[in-house]
Structure formats: C-alpha cells, structure tokens
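The block underneath contains the structure these notes are about, expressed in structure tokens.
The values are calculated or read from the model by the stated rules, or taken from the named source; none is laboratory data. No experiment lies behind these values; they were computed from the predicted model shown. We place every Cβ from the backbone using ideal geometry, glycine too, and count neighbours over all the protein chains shown.
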Amino acid sequence: MKSSYELAMERLSKAAPAAKLTAAQKKQLAELDAKYTAKIAEREIALKGEINAANAAGDMEKAGTLQRQLTADRKNLQADLEEKKEAVRSAK
C-alpha cells in the first residue's frame, strides 16, 4: 500500500515529468553555480569591510544602508543565477 506522499509524487511526475539533463547541461549548471558563488562572496567581502568600518566609526545609518545593499545585491545575483539556470535547463 502506498503512502499519500508516494501517490502525490506519482501524480506530480505525471503532470510535470522531471527533465533529464545532459552531461553538458550539468556542467553548465555547475559552472554557473561556481561563478555566482564567487560573485556573491566578492560582493560580501567588499561590503562587509565597509559595514565594519561604518560600525567602527559609529555611523549606524550608513552601516544599515550598506547591509540593505548587500541583501539586495545577493537577491539580485541569486535571481540572475536562477534565470540562467532555467535557460540552461530548458535548452534542448
């Protein structure tokens, strides 16, 4: 007897079967992950230094602004990464 989870997964796979990726697509996805991980880390390093300097100077407003900028940059880079990954997945 199947669990409700197993039945739901079967229905899901019938409605939207999982896409099979080629080795080249997997390689492209891995390269994109590595590239964007590096971009995010680079941005964090640059802004963390500025945030720490602002905190040390007692400028909490500037530190908050930089923290929000870092969060926005991270979200934008993640969204860009997901867009590019989806393009690779949908390419035949």
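Scanning segment 17-74 for residues that are part of a helix (DSSP H, G or I), touching a residue at least 12 places away in the same chain (Cβ under 8 Å) and of a type in the set (Gly, Ala, Ser) returns Ala54, Ala63.
Matching residues to (1) modelled with pLDDT under 80; (2) exposed (fewer than 10 other Cβ atoms within 10 Å of the Cβ); (3) closer than 13 Å to Lys85 by Cα:
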position: Ser4; (1), (2), (3): no, yes, no
position: Met9; (1), (2), (3): yes, no, no
position: Ala15; (1), (2), (3): yes, yes, no
position: Leu21; (1), (2), (3): no, no, yes
position: Ala24; (1), (2), (3): no, no, yes
position: Leu32; (1), (2), (3): no, no, yes
position: Lys35; (1), (2), (3): no, no, yes
position: Ala38; (1), (2), (3): no, no, no
